[in-house]
1. Can you tell me which residues in the range 131-157 are within 20 Å of the chain's Cα centre (by Cα), touching a residue at least 40 places away in the same chain (Cβ under 8 Å) and open to solvent by 40 Å² or more (accessible area, probe 1.4 Å)?
2. Please enumerate the residues belonging to the range 407-430 that are among the basic types (K, R) and either modelled with pLDDT of 95 or more or within 18 Å of A333 (Cα to Cα) (or both).
3. May I ask you to verify whether I363 is in contact (Cβ under 8 Å) with a residue 12 or more places away in the chain, in contact with a helix residue (DSSP H, G or I) (Cβ under 7 Å, 6 or more places away or on another chain) and open to solvent by 20 Å² or more (accessible area, probe 1.4 Å)?
4. Examine the range 135-148 for a residue that is β-branched (V, I, T), within 23 Å of L256 (Cβ to Cβ) and at pLDDT 95 or above, and state whether such a residue exists.
5. Condition first: open to solvent by less than 40 Å² (accessible area, probe 1.4 Å), basic (K, R) and closer than 16 Å to A333 by Cα. Now tell me which residues in the range 245-270 satisfy that.
6. Quick one: in the range 17-34, of everything that is more than 18 Å from W383 (Cα to Cα) and assigned to a loop (DSSP other than H, G, I, E, B), which residue is least open to solvent (accessible area, probe 1.4 Å)?
7. Of all residues being touching a residue at least 12 places away in the same chain (Cβ under 8 Å) and out of contact with any strand residue (DSSP E or B) (no Cβ under 9 Å at 6 or more places or on another chain) in the range 376-394, which is surrounded by the fewest Cβ atoms within 10 Å (Cβ to Cβ)? Just the residue, please.
8. Select from the range 291-321 the residues that are open to solvent by less than 10 Å² (accessible area, probe 1.4 Å) and part of a helix (DSSP H, G or I) and list them in ascending order.
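The values are calculated or read from the model by the stated rules, or taken from the named source; none is laboratory data. The structure displayed is predicted, hence computed values, not measured ones. Here the Cβ is made from the backbone with ideal geometry for all residues, glycine too, and neighbour counts use every protein chain on show. These area figures cover heavy atoms from the full protein model, side chains too; ligands, DNA and RNA do not enter into them. Shrake-Rupley method; radii C 1.70, N 1.55, O 1.52, S 1.80 Å.
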Amino acid sequence: MATINYDRFGEKMESFALLNGLHVDLIARPSFHQTDGILTTRFGSVNTTFTVDEQRKTYPSGIAHFLEHKLFEKEEYDAFDKFAIYGADSNAFTSFTRTSYLFSTAENVGECVSTLLDFVFSPYFSDQTVNKEKGIIGQEIQMYEDDANWQLLFGIISNLYPKTPLTADIAGSVQSIQAITPAMLYECDQYFYRPSNMSLMIVGNFDEAQIKEIIKNATAGSLASNDKLNLQRVNPGYPAIVPFAERQMDVQRPKLALGVRGEKEFLPAERFKVKIMLQIILEMLVGESSADYQRLFDQGLIDNSFGYEIQLEDGFQFVDFYLDTSLEQIDQAAAELKAIIVNAAAKLTEQKPIFESMKREFIGRAIKAMNSNENIANQFDLWLYGERTVFDVPATIERLTFDEVVDFADQFFDPAKLTRYQILPRGDQK
């Protein structure tokens, strides 16, 4: 067991691994009323093809998300109902690389932890329940197929990582989920829902000794980490980027996205720092207080629909920019944004005087985020960032130098790795 002390903030994190391999992090905060827990497995939408003991396995797109849905439903109860009895909110989500199960409560913390571990580690699937879920998830997929913003995101991803599992909707397609069977779900559960492939974090007001005992007892029957399973993931790699693509949908205004792909692999400690650097860089380049944002806004080239997001994962990374625009201005908006992106280092150099104040602003945001146990738990990712938490953000920012941020921007925002995707109103063509 290890204790990580955050003396600056009067906080500490207890970290340990059970004999079965489950990694546990506990942050006790007695002055808080709320407690949040999150149990995560390294199984996401991109993990449809992998090898187990050198045997290739391939599963339908959407199986990770499907498994997430089905784990809540047991033969005798529904986990959502159990959490509600204890006065807790519960939820789950599947991303490209992980699936997480969460609860938030102000009471009955022990019971909530037991319920979380029990339903996740006790799979139950039948032909009847699986077939019923296909209809439910199929409706969810169709809803996203009509969501232009969602399609814009996957359009730019398809340009950045063409013909890879990343291009498939996280929930899969109506067609792909029809192939999912209980046997497939049990197999993926066996491969990925092993304690040694999972982590548990609990943050809030709880009795540490009690919670440790509950965790050990609840997982006592789970597979031990020394049960050999040679599982090798297949990363998307770096296929040739598609420089431009478009489609038509029933939208009122055209939608534009620009994306840029990073191609350097980082260790967890580096990745934590890289994400912070990217957040600061993008705020300086196109944040609402930046000169270029104001200029483009005043020219009517961007509006409140403009935004950006960072995808930084083990095996792939990209930044995308998106906005609604007009058919007459879409090319100019794309050209202006491209000029900012490919000249990021020079643009940052012009803003050197505000760098230290920007650092202070981000430190302030990080300290504010410490007020939320939910935020602390949800932002933690053992495999992506190692044992780093929100409490590590201020010191990481303080150590950043202007020159290293500029050098990183110059390396990351490579013009050769830039692509454009757009959605036009049906019937319009460029």
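1. Across the range 131-157, the qualifying residue is only N149.
2. Just the residues of the range 407-430 that are among the basic types (K, R), to begin with: 417, 420, 426, 430.
Listed by number, the residues that qualify are K417, R420, K430.
3. Values: in contact (Cβ under 8 Å) with a residue 12 or more places away in the chain: yes; in contact with a helix residue (DSSP H, G or I) (Cβ under 7 Å, 6 or more places away or on another chain): yes; open to solvent by 20 Å² or more (accessible area, probe 1.4 Å): yes.
Yes; evaluated as a whole, the condition is true for this residue.
4. Let us first name the residues in the range 135-148 that are β-branched (V, I, T), namely 136-137, 141.
Adding the requirement that they be within 23 Å of L256 (Cβ to Cβ) leaves none.
No, every residue in the range 135-148 fails to be β-branched (V, I, T), within 23 Å of L256 (Cβ to Cβ) and at pLDDT 95 or above.
5. Taking the range 245-270 and keeping what is open to solvent by less than 40 Å² (accessible area, probe 1.4 Å), we get 245, 249, 251, 254-262, 266.
Cutting the leftovers down to basic (K, R) gives us 255, 261.
Selection gives K255 alone.
6. Looking only at the range 17-34, we keep the residues that are more than 18 Å from W383 (Cα to Cα), and these are 19, 27-34.
If we keep only those that are assigned to a loop (DSSP other than H, G, I, E, B) as well, we get 19, 29-34.
Numbers: L19: 168, R29: 14, P30: 107, S31: 101, F32: 51, H33: 155, Q34: 75 Å².
Only one residue tops the list, namely R29.
7. Let us first name the residues in the range 376-394 that are touching a residue at least 12 places away in the same chain (Cβ under 8 Å), namely 376-378, 380-394.
If we keep only those that are out of contact with any strand residue (DSSP E or B) (no Cβ under 9 Å at 6 or more places or on another chain) as well, we get 385-386, 388, 390, 393-394.
Values: Y385: 21, G386: 15, R388: 20, V390: 23, V393: 22, P394: 21.
Out of the qualifying residues, it is G386.
8. L296, the sole residue that qualifies.
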